[in-house]
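Below is one structure, written out as structure tokens; the observations come after it.
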Amino acid sequence: MRTLRSLSCWSVLIQGIFLASLAPLALGFEAEIAPLLEVSCLECHDAETKTDLNFEELGHDLSDPVVFRRWEMVYDQIRTGEMPPKKKARPDAALLKRALHSLRNDLRKANRRAQTRNGRVPVRRLTGIEYEFTLQDLLGIGGAFANYLPPEGGSAKFDTVAEGQGISPVHIRGYLAGADRALDEAITLGRRPPKEPRLIDYQNSPYVAMWFERELRRGGNTIKKVEDAVVTFDSRPHVMPSHHVGYRPPYPGRYRIMAGAYGYQAKTPVTLLLMRGSDTRDGTELIGAFDLEPGTTRTVTVTTYLTPDDYFYPAVADLDCDSKGQNIFGAGGAIGYRGEGVAITWLTIQGPLEENWPPASTRKLLHGVELLEGRGRDGSTIKLSKPPLEHVAEIVRHLAEVAFRRPLREGELEGFVRLAEPTLTEDGDFEKALRISLRALLSSPQFLFHSGDPGLLDDHALATRLSYFLWKSLPDEELSRLAGEKRLGDPTTLAAQVERMLNDEKSMRFIRDFLGQWLGLHEIDATTPDDKLYPEYDDILRQAMLRETELFFQELVVENLPVRNLIDSEFSFLNRRLAKHYGMTGVRGEQFRKLVLPEDGVRGGLLTQASVLKITANGTVTSPVKRGAFVLTKLLGRVLSPPPPDIGSIEPDTRGTTTIRETLDAHRNVQSCARCHREIDPPGFALECFDPIGGFRTRYRSSGKGDWSERKLFGRRVYEYKEGPAVDGSGVTAEGRTFKGIRDFKRLLLTQEEEVARNALSNLIVYATGGEIQFADRDEINQLVQRSREEEFCLRAMIHMVVQSQMFRNK
């Protein structure tokens, strides 16, 4: 195995090539490739043929991005054997070698010249989630600020890619609104709220009482009062929301909600949910789920961030119907109902959880200003010790030094400070004037965009890139200090910081966002499972699905495990609800724990996790095409051609009379479809043993009422399906290798570990740097794959290699 140069030698080599490429570019590929085009290409790609590629018109100026991309495509198709087509005569080997060598060299030189001039990556802005985390960490708050911005779009695989980003008037309005809301949360003045927990007295609330006897058809009769508790059989928000029983969070901050509860008439574990809603946002969010074992009362606790716009309420899940198979709605209401419910004996809320008042966020932001708890005789909580404008300048400077993520330039802050002058002159309102300056700072290009000049990143730009890679936020005090001391660029120091950051809980931000975009987990709500075919799917199961994948990937990073675990693994992370979904027994409680999977089971690796299986299906049926494309593109990193424009979509048959395999057999008989489907369909067939929500199956579910003895209550839904045709998970790969099912297929896929590793490494580079892999980057990618092979393709080591690479350390 060839020994790699040390990092320092590699850096010198790359920099030398960059400098050499500054010389005038003498292109020589035109003469070398012309004979190959003449004998193998012009017959199909000239002015007289109807193709997208016309070599007679294609220029040779590789400084033109359009021309460069065309020749890059030509190089790739010739190198991989796609051109000329296999039915055509093969070109002379020596001729082919000379042409490819010349074209490769000139493409690389042209690309390096462009990188030296402009950098690999254009200036990029903060993504929505980076904007949110940056405001939270900068100001010590916890609001949902990404909601003020439009969804990230573009064709790039990651929203960090600069070329796929845009900025519009909608963004500007969102930044201003987000800054206003962040300052509202950060500047909390006024009297301190009570420190003691506040009882939410459901038992004696007139609002709750009116639902005890109101008709079922009018939303009532789904709760009842017993001697020691209020019992609920309902998950809807209208019965017990906190804002209707007299409680609103007085200030933004962290609150602790505690409750005592037990399973009512429960013979199996039932689940108490705590939900959060908002007057300013649609929908509700699950903030806590707790298993209640039969015969025991449990005290549960959840700490969450709330604002005065928020409310919360208890709800239920995993309730069995009564002995007649009826839920609360079918039985006619709570009176006399014998099915399972949840009894809530007490519930309290305490917060904001602050040791001192005003809160730490306010004290941190109003640097140099004396803050008085409560309200003085002059109605103010702020005491100024010097002219107001001097205080504004001090606060703005103190915040900007952190917010801009680099040393301040001379005169840079004067414009922000001057914005406060008119308000101070007109009415002397210090807080109002200060907000104007801070609002402008938090909406400025210096705050919203990554800085850096072409070439090697300086220490501050390197700290910014590293922090937004692993923490999705600005550098902390230690990173900033090392950058200020110009020590971060040292490879040993840089590696130590990567270790520190990966060991920090904030690294879960990276894991969640990276997986959400790479695997598409952010799209888990793009489809809703049919509640008659898959009534067991709810938000508890949805969150458990995502949590399994996140904890699984985190384990690969923490323990530096090989990427072959992405294909198949001996372990996963489960709680009771997800284990039950997987057909595994003996797992109790809502807490996730690492479990060794059964040797003869089907689970193990990403492909058999319910989150991946959910996003690769629609709400009704599975599609081998969609799942097969996921394996090829997301896991192996292959590029698939789009389907012909005249080929329609594959319609599911929910009646169960035709299997998807039979439907695809007819589809593959179309000549234009056959080539791609030979590659795409086999991985999808191997995953057919999993239904649209990731449950294992041997038969398809189809619409129609099934066995009533299987009825279970999941919220308001019951089973209403029947068994359909048998599932066939066998197939033959495009290379001619047969498999009988998912276990066989994963064994075949393990032989492609290096392909998986290359793809994972490439995705990490793109995500971390904000730039797609370019032609001139390919040599370094190959070097990194080689080094990774020597490290057994272990994931934590790969992250270190990414950070030490020239692609990461150069703009």
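For the reader, a short list of remarks on this structure follows.
- Most to least accessible of LYS88, LYS811, LYS486 (protein chains only, probe 1.4 Å): LYS486, LYS88, LYS811
- With 10 Å bins from 0: P(r) over the range 160-254, alpha-carbon pairs, percent: 12, 27, 19, 20, 17, 5, 0
- Geometric descriptor of the range 449-563, per residue, is 145 Å³ (volume of the convex hull of the Cα atoms).
- Charged side chains reduced to their Cβ positions (Lys and Arg at +1, Asp and Glu at -1) give the chain a dipole of some 1020 debye around its Cα centre.
- One chain, two ends: TYR207 and ASP504. Fully extended at 0.36 nm per residue, the span grows by 102.4 nm beyond their Cα-Cα distance.
- Annotation note: GluC sites (Glu not before Pro) in the range 540-575 located in DSSP loop regions with a Cβ neighbour count of at most 13 within 10 Å are GLU559, GLU570.
- In straight-distance terms, cross-link reach from LYS432 covers every one of the lysines whose alpha-carbon lies under 25 Å from its own, apart from those fewer than eight places away in the same chain; here that gives LYS364, LYS383, LYS386.
- The chain, relative contact order [Cα under 8 Å, separation at least 6], %: 12
- Too-long pairs where the Cα-Cα distance tops 23 Å, listed order kept, from LYS532/LYS614; LYS626/LYS722; LYS486/LYS811; LYS225/LYS580; LYS594/LYS740: LYS626/LYS722; LYS225/LYS580; LYS594/LYS740
- For the range 264-348, the Cβ-based charge dipole about the Cα centre amounts to some 300 debye (Lys, Arg positive; Asp, Glu negative; other atoms uncharged).
- Using a Förster distance of 45 Å, the FRET efficiency for GLU394-ARG218 (Cβ separation, nearest 0.05): 0.15
- Fully extending the segment from ARG79 to GLU196, taken as 0.36 nm per residue of separation minus the present Cα-Cα distance, adds 35.0 nm.
- Dipole of the chain, positive end: most advanced residue of LEU353, THR303, LEU36 [Cβ charges, Cα centre]: THR303
- Solvent exposure of the range 299-366 amounts to 35 Å² per residue of accessible area, where only protein heavy atoms count and the probe is 1.4 Å.
- Equivalent ellipsoid, the range 274-343 (semi-axes from 5 times Cα gyration tensor eigenvalues, Å): 29, 17, 9
- Taken as Cα centroids, the range 388-452 and the range 319-357 sit 50 Å apart, rounded to the nearest whole angstrom.
- Put a plus charge on the Cβ of each Lys and Arg, a minus charge on the Cβ of each Asp and Glu, and nothing anywhere else: the dipole of the range 717-811 about its Cα centre is then about 220 debye.
- Within the accessible area of the range 299-453, the carbon and sulfur atoms contribute 47%, probe 1.4 Å, all protein chains present.
- With a Förster radius of 56 Å applied to the C-beta separation of LYS267 and GLU373, the computed FRET efficiency comes to 0.60.
- Helix content alone sets the calculated 222 nm mean residue ellipticity of the chain: runs of n ≥ 4 DSSP H residues at -39500 (n - 2.57) each, divided across all residues, give -12000 deg cm²/dmol.
- Under 12 Å from the ASN560 label point (7 Å along Cα→beta-carbon), backbone N, the range 777-811: 791-801
- Accessible-area ranking of ASP779, ASP531, ASP427, largest first, probe 1.4 Å: ASP427, ASP531, ASP779
- Here the gap between ALA34 and ILE167, fully extended at 0.36 nm per residue and compared with their Cα-Cα distance, gives a gain of 43.6 nm.
- Label-reachable residues, the range 439-457, where backbone N falls under 13 Å from a point 7 Å from GLU414's Cα toward its Cβ: none
- Coarse-grained scattering of the chain at q = 0.09, 0.10 Å⁻¹, given as base-10 log I(q)/I(0) from a Debye sum over alpha-carbon atoms: -1.06, -1.24
- Positive end of the dipole of the range 375-474 (Cβ unit charges, origin at the Cα centre): among THR464, HIS391, THR425, the Cα lying farthest that way belongs to THR464.
- Given a 1.4 Å probe and the protein chains as shown, ARG809 ends up with an accessible area of around 30 Å².
- Since only ALA629, ALA776, MET73 are under comparison, the one whose Cα sits farthest along the positive direction of the charge dipole of the chain, derived from C-beta charges on Lys, Arg, Asp and Glu, is ALA629.
- Rolling a 1.4 Å probe over the protein chains gives MET240 an accessible area of about 10 Å².
- The range 255-307 and the range 57-118: distance between their alpha carbon centers, rounded to Å: 60
- For the range 556-602, alpha-carbon Rg and Dmax in angstrom: 11.7, 30
- Probing with 1.4 Å while keeping every protein chain in the model, the per residue accessible area of the range 555-623 equals 38 Å².
- Accessible-area value, CYS794, 1.4 Å probe, nucleic acids and ligands omitted, Å²: 10
The values are calculated or read from the model by the stated rules, or taken from the named source; none is laboratory data. Worth saying up front: this structure is predicted, and the values here are computed from it rather than measured. With ideal geometry, Cβ positions are generated from the backbone for all residues, glycine too; neighbour counts draw on all protein chains shown. Accessible surface areas use protein heavy atoms only, side chains included; no ligands, DNA or RNA. Shrake-Rupley method; radii C 1.70, N 1.55, O 1.52, S 1.80 Å.
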